[in-house]
Amino acid sequence: MVRLILVKTIILVRHGESEMNVAKITTNAIDKYPLTVRGRAQAKRLTQELTLVRPNVLFTSPVLRAVETAGIISQGLNIPAKVKRALVERDPGRLNGMKISTFEEDVDLYSHADQYGIEPVSSITRRVVEFMDGLSQGITIAVTHADIIRGALVHALGISDDEFSSYGILPETATMTVINQREGGRYEVVAIGSPRMTDSIVRACREG
C-alpha cells in the first residue's frame, strides 16, 4: 500500500482556561472573559510542548481568551500571531451570555440549535475546512475553541456530527488536536485533546 506524502500539519489548540469557563457561561463575545491565572499557566506549559516541533505560522481566533493564549505561544516560539475570523467561537444565538451549569444541560440546549438560533455544525465545519484547505505546507498552529475543533474533526474523520457526539469527545482547555493532510487533500487525525507533544505526535509532525 502506497502511503501518500504529507503536505501539512494543523495543530488546533483550544485556548487556556478563561473566566468564561469558570463561570460556565456560553458566549462568543470578542472582548470579554480573559484567561484566568490557571489559564495563563496552562498556555505557558503548552508552549513548552510546542517547542518540540517547528511551526511555520500561528493563527488565532479574534476572541480574547484565544488571543491571549496565542500571545503567550507567540512570545515563547518567537512567531507572530495572526487573527483569523474563521477560527472564531461558535455563535450561540439566543444562548449568548447564558450560564449553563451542567454538561447534560449543555447537550440538551445545543441539540436544539435551530430553536435557539445557534450556528449549525455544518457552518462551523465549512469555515474551518476552508481555513485548513487554504494553509500552506508545513506546520500551522491555530488557537481556537472546542466547537471549531469539533467541526474539523467531523470532516477529518469523515463522520456525521451525530456520530461524533456519540463518542463524548470534548478537548479540554490548553490541549492540542493534531490533523495531517496528505496528497490529494485527505485528512487524518493524529491526536485529539492531547496536553503533551508525545513522541508519536512529534514523529507525525516531522514526517514531511
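Across region 149-208, C-alpha contacts under 8 Å between residues 6 or more apart give a mean separation that, scaled by the residue count, equals a relative contact order of 29 percent. The accessible surface of region 48-150, taken with every protein chain in place and a 1.4 Å probe, is 48 percent carbon and sulfur.
Remark: spin-label model distance residue 172-residue 23 equals 2.4 nm, labels positioned 7 Å along the Cα→Cβ axis. Each Lys and Arg adds +1 at its Cβ and each Asp and Glu adds -1 at its Cβ; summed about the Cα centre, the chain shows a dipole of about 900 debye. The magnitude of the dipole of region 9-116, with charges of +1 and -1 set on the Cβ of Lys/Arg and Asp/Glu and taken from the Cα centre, is near 540 debye. Remark: region 76-89, residue by residue, has Karplus-estimated 3J(HN,Hα) of x, 9, 6, 10, x, 9, 10, 6, 10, 4, 4, 9, 5, 4 Hz, where x stands for each Gly or Pro and the curve is 6.51 cos²θ - 1.76 cosθ + 1.60 at θ = phi - 60°. Positive end of the dipole of region 25-160 (Cβ unit charges, origin at the Cα centre): among 83, 122, 107, the Cα lying farthest that way belongs to 83.
In terms of packing, defined here as the mean over residues of other Cβ atoms within 10 angstrom, the peptides 25-36, 168-179, 142-153 line up highest first as 142-153, 168-179, 25-36. Computed log10 I(q)/I(0) for region 60-100 at 0.20, 0.22 Å⁻¹: -0.65, -0.72, from the Debye equation with unit scatterers placed on every C-alpha and solvent omitted.
Can you tell me which of 15-23, 54-62, 75-83 comes out highest on packing, and rank the rest after it, using the mean Cβ neighbours within 10 Å? Write down the numbers at each step before the final one.
Numbers: 15-23: 20.2, 54-62: 18.3, 75-83: 13.8.
In decreasing order of mean packing, 15-23, 54-62, 75-83 become 15-23, 54-62, 75-83.
Dividing the mean sequence gap of close Cα pairs (under 8 Å, 6+ apart) by how many residues the chain holds gives a relative contact order of 32 percent. Taking the helices alone, the chain has a mean residue ellipticity at 222 nm of -11500 deg cm²/dmol, built from -39,500 (n - 2.57) per DSSP H run of at least 4 residues and averaged over all its residues. The share of Cα pairs per 5 Å bin across region 116-208, counted from zero up to the longest distance, runs 3, 12, 25, 26, 21, 10, 3, 1, 0 percent. Using the Stokes-Einstein relation with a Kirkwood hydrodynamic radius computed over Cα pairs, the translational diffusion coefficient of region 20-144 at 4 °C and a viscosity of 1.567 mPa s comes to 82 µm²/s. Backbone N atoms of region 158-189 closer than 15 Å to the 7 Å Cα→Cβ label point of residue 196 belong to residues 175-176. Once both axes come from the Cα atoms, what is the angle between helix 146-157 and the longest principal axis of the chain, in degrees from 0 to 90, rounded to 10? Around 50 degrees separate the two axes.
Residues whose amide H comes within less than 5 Å of that of residue 53, counting only those at least five positions distant or on another chain, are absent (H built at 1.01 Å from N in the peptide plane). Take the Cβ atoms of residue 51 and residue 91, set R0 to 22 Å, and the FRET efficiency comes out at 0.05. In plain terms, if you count all Cα to Cα distances in region 76-172 and split them into 10 Å steps from zero, the share in each step is 13, 45, 31, 11, 1 percent. Dipole orientation for the chain: of the candidates 61, 149, 46, 46 has the Cα lying most toward the positive pole (charges on Cβ; Lys, Arg +1; Asp, Glu -1). Residue-wise HN-Hα couplings along region 127-132, as the Karplus relation 6.51 cos²θ - 1.76 cosθ + 1.60 with θ = phi - 60° gives them from phi, are 6, 6, 5, 4, 4, 5 Hz; Gly and Pro carry x.
Express in nm, to one decimal, how much length is gained between residue 107 and residue 79 on full extension, taking 0.36 nm for each residue of separation and deducting their alpha carbon distance. The partial results should precede the final answer.
On the way: separation 28, 0.36 × 28 = 10.08 nm, distance 3.71 nm.
Here the segment from residue 107 to residue 79 would lengthen by 6.4 nm.
Taking 20 Å as the straight-line reach from the Cα of residue 24, the lysines in range (excluding those fewer than 8 positions away in the same chain) are 32, 99. The residues of region 1-104 expose, per residue, 52 Å² of accessible area to a 1.4 Å probe. Considering only alpha-carbon pairs that sit under 8 angstrom and 6 or more positions apart, the relative contact order computed for region 37-110 is 30 percent.
Residues in region 48-63 carry Karplus couplings, in order, of 4, 5, 5, 5, 6, 10, 10, x, 8, 7, 10, 10, 9, 4, x, 6 Hz; the curve used is 6.51 cos²θ - 1.76 cosθ + 1.60 with θ = phi - 60°, and Gly or Pro positions show x.
The values are calculated or read from the model by the stated rules, or taken from the named source; none is laboratory data. None of the values given here were measured: they were computed from a predicted structure. A quick note on method: Cβ atoms are made from the backbone with ideal geometry, for glycine too, and the neighbour counts reach across all protein chains shown. Keep in mind that these areas ignore ligands, DNA and RNA; they rest on the heavy atoms of the full protein, side chains included. Shrake-Rupley method; radii C 1.70, N 1.55, O 1.52, S 1.80 Å.
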